Number of protein chains: 4
Amino acid sequence: MAGNTFGQAFKITTFGESHGPAVGVIIDGCPAGVEVSLEAIQHELTRRRPGQSKIVTQRKEEDQVAIQSGVFDGFSTGTPISLVVYNKDQKSRDYDHIKDKFRPSHADYTYSEKYGNRDYRGGGRSSARETIARVAAGAIAQSMLRQAGISVTSWVSQVGPLKIDESSPNFDLDEIENNIVRCPDAVMAEEMIDLIKSVRKDGDTIGGKISALITGVPVGLGQPVFDKLHADLGKAMLSINAVKGFEYGSGFDCVEMRGSEHNDLFVIKDDQVKTTSNYSGGVQGGISNGMPINFNVAFKPVATLMKDQESVDKFGELALVSGKGRHDPCVVPRAVPIVDAMAALVVADHLLRSQTDRMDLFL
Amino acid sequence: MAGNTFGQAFKITTFGESHGPAVGVIIDGCPAGVEVSLEAIQHELTRRRPGQSKIVTQRKEEDQVAIQSGVFDGFSTGTPISLVVYNKDQKSRDYDHIKDKFRPSHADYTYSEKYGNRDYRGGGRSSARETIARVAAGAIAQSMLRQAGISVTSWVSQVGPLKIDESSPNFDLDEIENNIVRCPDAVMAEEMIDLIKSVRKDGDTIGGKISALITGVPVGLGQPVFDKLHADLGKAMLSINAVKGFEYGSGFDCVEMRGSEHNDLFVIKDDQVKTTSNYSGGVQGGISNGMPINFNVAFKPVATLMKDQESVDKFGELALVSGKGRHDPCVVPRAVPIVDAMAALVVADHLLRSQTDRMDLFL
Amino acid sequence: MAGNTFGQAFKITTFGESHGPAVGVIIDGCPAGVEVSLEAIQHELTRRRPGQSKIVTQRKEEDQVAIQSGVFDGFSTGTPISLVVYNKDQKSRDYDHIKDKFRPSHADYTYSEKYGNRDYRGGGRSSARETIARVAAGAIAQSMLRQAGISVTSWVSQVGPLKIDESSPNFDLDEIENNIVRCPDAVMAEEMIDLIKSVRKDGDTIGGKISALITGVPVGLGQPVFDKLHADLGKAMLSINAVKGFEYGSGFDCVEMRGSEHNDLFVIKDDQVKTTSNYSGGVQGGISNGMPINFNVAFKPVATLMKDQESVDKFGELALVSGKGRHDPCVVPRAVPIVDAMAALVVADHLLRSQTDRMDLFL
Amino acid sequence: MAGNTFGQAFKITTFGESHGPAVGVIIDGCPAGVEVSLEAIQHELTRRRPGQSKIVTQRKEEDQVAIQSGVFDGFSTGTPISLVVYNKDQKSRDYDHIKDKFRPSHADYTYSEKYGNRDYRGGGRSSARETIARVAAGAIAQSMLRQAGISVTSWVSQVGPLKIDESSPNFDLDEIENNIVRCPDAVMAEEMIDLIKSVRKDGDTIGGKISALITGVPVGLGQPVFDKLHADLGKAMLSINAVKGFEYGSGFDCVEMRGSEHNDLFVIKDDQVKTTSNYSGGVQGGISNGMPINFNVAFKPVATLMKDQESVDKFGELALVSGKGRHDPCVVPRAVPIVDAMAALVVADHLLRSQTDRMDLFL
């Protein structure tokens, strides 16, 4: 039983290998009447695209998306929406030297053992190129959420030791797309960019963190007891390549806190129930409470180095993995649209799922 | 579309409210031939049970489990296994005073808004009493894993600011069940117990962290791309009451690391492929690589305090939530068997799912 | 991957063996606000109960149902509803003589081969006693449908060669519960009853047919392309013990018809789109069109005879299966509430599923 | 919650409208190691293709398939297999005249009401063109089944009143592909062809029946209690356009039979358990018993006539639907590969699902 489908009501199934003919997705369950714009999808793919700046991989991939079904006169029809991106830059020879080798901290070894028959070209299915499909589908989820007044924003909040301070006067979410590292603090962004350049110069890579904010979520999304809203957000994030951790609201900091400090007190504000603090991160008992939803995602340093590394091959022999190719020194700048996409897919799914919570919603 | 089912091949569906007649579970997909012992299930429930020590809630719940189907002559038959625990200590009057009030950082408000019609007695479905069903089902998953040579162990690694050091000479996993806080460091356990007692004396509560280790997992479990092994573990943990964060392998520490430091180098040891370090946490590309799987889970401080707190009620009026009842000052000692159960359920599910990865496995 | 769950949005999972402690069901996805009455559930179970008349099995099973969760103050709360019926009449000795034998046209052989470890007592999981769980869950689905103005009715339309004529003046759906064979034609009912009695006297059994009518279904239920409304109805019916065929609308008669005769012409009646004929059976393109939905289900003669039959046992030896016990000579009178239940479950599921067809339904 | 996915372990999701850019499918869950040949897929599509003979629609659609992922060196890799057929013959103007009209016994009205926003070109998603995706995916399922020794064959057994007699000396399954109506009786085939031609000359259409045989199925496929093998076959068949009925084994004939006649007696033959008759149709208790599986499927006469028909339009006005275009006078000759495909998909799914029935299968 494979695992290439995500979501229950707004459901995506992705396909494609990094060096196969195409990467794509079928969205099943998008309601009729969602505005679908090729430009909006392309916009998100362009934010994810290699070669977009000096601090990301210089591979040239245009990633032009085509809509193959499910859209008529600019709106979804309720039938499956198929999106495809054909692979252009399939430099397979780049990968011949690692055909039988297991690159450290890549999925070469595990795929080989699991399936026997591995497409070794550039990571095959384990390549982050698969996330094209997620970003494309996520753009449609975001369109649906916009129609419902919900907005998802994410940004780079840390690169190596450099963290932003959300209380700093420089912190401004409108700044995110103004710098190539996608940090909402312009001053810190410069430091991060310098760090990434310096890491690249060393032939090395570095980790990072992305933070996200979802606003406008109505009270009541999330399904007890397993499909809690934050549990599905967590799974969504952990399913992105290179992610090692997820926390929401107070996150790991809650461990050292006392209940008297951590509890979010309810108050009435503008005739609505709100909380004075938001350690709950907008989710209580797995269900959105109307406060902003926030979470953090930890990304490991990219495993492909521009340095030689000792390893083994599929014959059990020692093998040198040499540092070649065009790779990202730090994954987070390009991962921001992926986090946006996955978060939007989760919320879209739960928005649909919640429509049958109560008889009085539809009778 | 509700969310009370977990797993795809080894699939559980739970039911029950804290003050309804019963809590229980149906396991669908347990293969025939798994040893099922009432004692083993009861043993796990007893580890979770209230009143087991001085640092947990003093509610008296016996939590006697009964097997209703799917087991014959001590082994699973391949048909659904139903397990039930009848609620004994249903002191509903304890809850009348909070019938219309929203307790801070509880799920009262979100359930009320979501469903309209809330069972307000003791948290109803949002009560951690639901985890009885998970622990019972998890005991059978653990039995199945034992037959496959896989073992799951988890323990309390932090309470408030008190963390254990895995490199300490006192660290010993065999110690876990020897102290009431379930910490593998006997010296630190005493400190943790003292801290929890002192927090309780203050009418307050405190957060904690549980760490887990899964060994004996064959290479190849986990399904790309969404149902990565660690993504399903993450969702499983995040679905447990009070959990705010999940990390595996290097976790959030990876953010500050460089690739040259973080990569796990492959070597051949005893004719097997191993890695010299294990920042990957036993999972690469979402698939187990044969190394031990490890992860951490952050638990917030319990929201029920023995102190009065200001809040609002369902009529939008100010309401005082008074500190009453018998509650845990710190959730982690009793959450250890829950983490064990959820981890076992995930691995059992993926063990089954991987059986169809390759034609040569069954032809 | 087992198959004990039915439905996607209104989802049931059943458990229980004929001679185990209990049979039951969890309903996951019943919206909050559905009226749930123990009496209504019991009423349906009583229609299915053995011993209810002279033409059914004389086994004495009271089949008292209990609600274990998900209902508060007479209405569903949105959380899982668990229903259980404890087995009373567990005369296991009745079955010792067939412990190792494969009864002809029963599931003894296939279960034995599939699982290795069979609960041989009275058919175990393959017993029609499992349908108690379906009928109980179906009663709640029927309650939900009533609130939505939808009604499901089914009846015995044929026993052996005796068929009713829907155009007869005696045909009256209100008659169904007035006779023990559940035939809407009182005159034919008497003939059917006589036939069943005579077949029983021979130690033999006989087949039958059930017809069903669903009215009040809004236009738009059913999901293209696989989960067509009639395809899910068909699967539901074919999953009932002893069913060999399903047809809807014109059914198998369509084979001999021409398009010019078979097409249902649209007209406007009372400002609504209707069709002049209903060969479509209320479903077009898999989606309900507002006309009554009708279908037929074929039930084979019960396999347990009051005659000796030659067979083999699990050791590959010849074995005589002797005719013992208390069994139905014809299954259809007691199968009517099962058909009702399964039909109601399908329509309830699709009523929920259709709530997310269009953005304008919930925005 | 949409319904474009079929199967649980061998799972397909299809997309595409008749006059959109493409029709296609993602297969998720095909094990690694299945031989995948473009020619074999194309072969099945060619059997389904319009314009293949004088008795089918004369539309010219080449239906060239492309593999977009999941196949490497001629074998499946375990990752999703994406197949696409681009639409060539998109004569949209053919459909402008029915843009707002509801064609009788088509899905125009139900889609319009369900989704609001209908792609009216040639039926859109409700077009039988969607079955291209099923046939393509089915070809890969058939390849997998061949590796497992299982074979699926189906044929036209009735057109209008003309039925074949399986006991006739002319009956020969090898004959199926030798005549354009796909009937295994060459003599009857001629009569059927003549009938279809004559019906077409009348501007009319006619119904038909397809029969199928699956051999080599091991004992044990099918999952109690809902996902019985025949229940999933039934749903698969009923999900095909124009199908009105499904029966297996004795089918509707069982209604008139007695148990003493209908029971299949077990015997030992060649050291294997067999039955002397096969009214069970190879399935007992929902599980394959090793005997051949057989079933019948009823197809209604095609709804598009070459005659004018009175109808209504979406404004509630009377509207004349005129007979235009190139359509099939009888659907069964081209439906044979669709039945093959859906049957293969069901058996492939259950073959995978059964791999976790027993611990001793994989431990």
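Here are the numbers for this structure:
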{"quantity": "For C:Val243: the one exception among (1) without any contact (Cβ under 8 Å) to a residue 60 or more places away in the chain; (2) facing chain D (nearest Cβ under 8 Å)", "calculated": "(2)"}
{"quantity": "Scope region D:276-286; condition under 19 Å from C:Val321 (Cβ atoms) and buried (at least 24 other Cβ atoms within 10 Å of the Cβ); matching residues", "calculated": "D:Ser280, D:Gln284, D:Gly285"}
{"quantity": "A:Tyr248 being under 18 Å from the mean Cα position of the chain (by Cα), at pLDDT 95 or above, hydroxyl-bearing (Ser, Thr, Tyr) and farther than 24 Å from A:Leu195 by Cα", "calculated": "yes"}
{"quantity": "The lone exception for C:Tyr248 - which of (1) closer than 14 Å to D:Lys235 by Cβ; (2) in contact (Cβ under 8 Å) with a residue 12 or more places away in the chain; (3) open to solvent by less than 10 Å² (accessible area, probe 1.4 Å) it fails", "calculated": "(3)"}
{"quantity": "Selection status of B:Lys274, more than 7 Å from chain A (Cβ to nearest Cβ), of a type in the set (Lys, Arg) and within 29 Å of D:Pro80 (Cα to Cα)", "calculated": "yes"}
{"quantity": "Test set (1) open to solvent by 30 Å² or more (accessible area, probe 1.4 Å); (2) modelled with pLDDT of 95 or more - C:Leu221 fails condition number", "calculated": "(1)"}
{"quantity": "Residues of region B:3-54 satisfying the condition of being of a type in the set (Gly, Ala, Ser), within 11 Å of chain A (Cβ to nearest Cβ) and surrounded by fewer than 24 Cβ atoms within 10 Å (Cβ to Cβ)", "calculated": "B:Gly3, B:Gly7"}
{"quantity": "Any hit, region B:31-42, residues being touching a helix residue (DSSP H, G or I) at 6+ places or on another chain (Cβ under 8 Å) and in a strand (DSSP E or B)", "calculated": "yes"}
{"quantity": "Of all residues in region C:69-80 being crowded, with 24+ Cβ neighbours inside 10 Å and at the interface with another protein chain (Cβ under 7 Å from one of its Cβ atoms), the one that is farthest from B:Thr14 (Cα to Cα)", "calculated": "C:Thr77"}
{"quantity": "Options B:Arg353, B:Arg326, B:Arg358; residue that is of a type in the set (Lys, Arg) and within 22 Å of B:Val243 (Cα to Cα)", "calculated": "B:Arg326"}
{"quantity": "Selected residue (only one of D:Val219, D:Val267, D:Val255 is part of a strand (DSSP E or B), aliphatic (A, V, I, L, M) and at the interface with another protein chain (Cβ under 7 Å from one of its Cβ atoms))", "calculated": "D:Val267"}
{"quantity": "Check on C:Ile210, open to solvent by less than 30 Å² (accessible area, probe 1.4 Å) and within 14 Å of another protein chain (Cβ to nearest Cβ)", "calculated": "yes"}
{"quantity": "Residue match in region B:316-325 (condition: on the phi > 0 side of the Ramachandran plot, within 9 Å of chain A (Cβ to nearest Cβ) and touching a Leu at 6+ places or on another chain (Cβ under 7 Å))", "calculated": "no"}
{"quantity": "Filter pass, D:Ala66 being at the interface with another protein chain (Cβ under 8 Å from one of its Cβ atoms) and open to solvent by 30 Å² or more (accessible area, probe 1.4 Å)", "calculated": "yes"}
{"quantity": "Candidate set from region C:317-337 (those that are touching a helix residue (DSSP H, G or I) at 6+ places or on another chain (Cβ under 6 Å) and at pLDDT 95 or above); member that is surrounded by the most Cβ atoms within 10 Å (Cβ to Cβ)", "calculated": "C:Cys330"}
{"quantity": "Filter result for A:Leu145 (under 28 Å from A:Gln42 (Cα atoms), out of contact with any Cys (no Cβ under 8 Å at 6 or more places or on another chain) and within 11 Å of chain B (Cβ to nearest Cβ))", "calculated": "no"}
{"quantity": "Count of region C:287-311 residues which are open to solvent by less than 10 Å² (accessible area, probe 1.4 Å), within 30 Å of D:Pro301 (Cα to Cα) and not in a loop (DSSP other than H, G, I, E, B)", "calculated": "7"}
{"quantity": "Subset of region B:222-231 (residues that are touching a residue at least 24 places away in the same chain (Cβ under 8 Å) and either more than 17 Å from B:Gly282 (Cβ to Cβ) or more than 7 Å from chain A (Cβ to nearest Cβ) (or both))", "calculated": "B:Gly222, B:Val225, B:Leu229"}
{"quantity": "Residue check for B:Lys314: surrounded by fewer than 24 Cβ atoms within 10 Å (Cβ to Cβ), basic (Lys, Arg) and over 18 Å from B:Tyr109 (Cβ atoms)", "calculated": "no"}
{"quantity": "Wholly within region A:85-200, helices (runs of 4 or more DSSP H) carrying at least 1 residues that are open to solvent by less than 10 Å² (accessible area, probe 1.4 Å), at pLDDT 95 or above and of a type outside the set (S, T, N, Q)", "calculated": "A:108-115, A:131-147"}
{"quantity": "Some residue of region B:287-301 being touching a Pro at 6+ places or on another chain (Cβ under 9 Å) and at pLDDT below 95", "calculated": "no"}
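The values are calculated or read from the model by the stated rules, or taken from the named source; none is laboratory data. Treat the numbers as computed from the prediction; the structure is a model and nothing was measured. With ideal geometry, Cβ positions are generated from the backbone for all residues, glycine too; neighbour counts draw on all protein chains shown. In case anyone asks, the SASA skips ligands and DNA or RNA and just uses the protein heavy atoms, side chains included. Shrake-Rupley method; radii C 1.70, N 1.55, O 1.52, S 1.80 Å.
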